[in-house]
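Okay, structure first, notes after.
The values are calculated or read from the model by the stated rules, or taken from the named source; none is laboratory data. Here the structure is a predicted model, which means the values were calculated and not measured. Positions of Cβ are generated from backbone atoms using ideal geometry, with glycine treated the same way; all protein chains shown enter the neighbour counts.
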Amino acid sequence: MYFFSTLKSLIELPYPNFSYKKEMSPEAPVDDFIKEEKWREILSSLVICFFARGIYQPDLVAMALSFAGFDLHPEDLNRIGDQIYKEKYRFKMLTGFSLDGLRIPKRIFDTPSPNAELKEGYIQRAIAYAKKVIQAG
């Protein structure tokens, strides 16, 4: 359910890292969702509140970590977030998680969106793309 609600929010709301287009491919919100998730892995590891994620950008986090003796650059943080994300999904897949079994709640299509009408085929293509990206590691 989290995947669907996040995908819907990415389509409806302008995210700081999200370039909204009225007619976007199903891949665009998935790419932005994955990029956001990778950064959340860093914030979670540092026990930073997700409500403040707009404040704690890579440059600020790298600078703060330098005061604690860590010599990390924003690129290092992004690489670490990518590694954590891949390991998390590797573990999830090993323990039985699969995007194949996801059921799309019908209310997502019943709830009006101010930006775009969501179609089931669009969400299914987004899920198929997310599966491909996750499996590619």
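Here is a yes/no grid of residues against (1) within 19 Å of the chain's Cα centre (by Cα); (2) farther than 20 Å from Arg40 by Cα; (3) touching a residue at least 12 places away in the same chain (Cβ under 8 Å):
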| site | (1), (2), (3) |
| --- | --- |
| Asp76 | yes, no, yes |
| Glu87 | yes, no, no |
| Lys106 | no, yes, no |
| Lys119 | no, yes, no |
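With respect to the numbered conditions (1) surrounded by 15 or more Cβ atoms within 10 Å (Cβ to Cβ); (2) modelled with pLDDT of 80 or more; (3) more than 24 Å from Ala136 (Cα to Cα), which one is the sole condition not fulfilled by Leu46?
Result: Leu46 fails condition (1) only.
Looking only at the range 115-137, count how many residues are outside any helix (DSSP H, G or I) and at negative phi.
Residues meeting the conditions: 5.
Can you work out which of the residues in the range 27-60 that are part of a helix (DSSP H, G or I) and among the aliphatic types (A, V, I, L, M) is farthest from Leu72 (Cα to Cα)?
Ala28
Would the range 67-79 turn up any residue that is exposed (fewer than 13 other Cβ atoms within 10 Å of the Cβ) and either within 17 Å of Ala130 (Cα to Cα) or among the aromatic types (Phe, Trp, Tyr) (or both)?
yes
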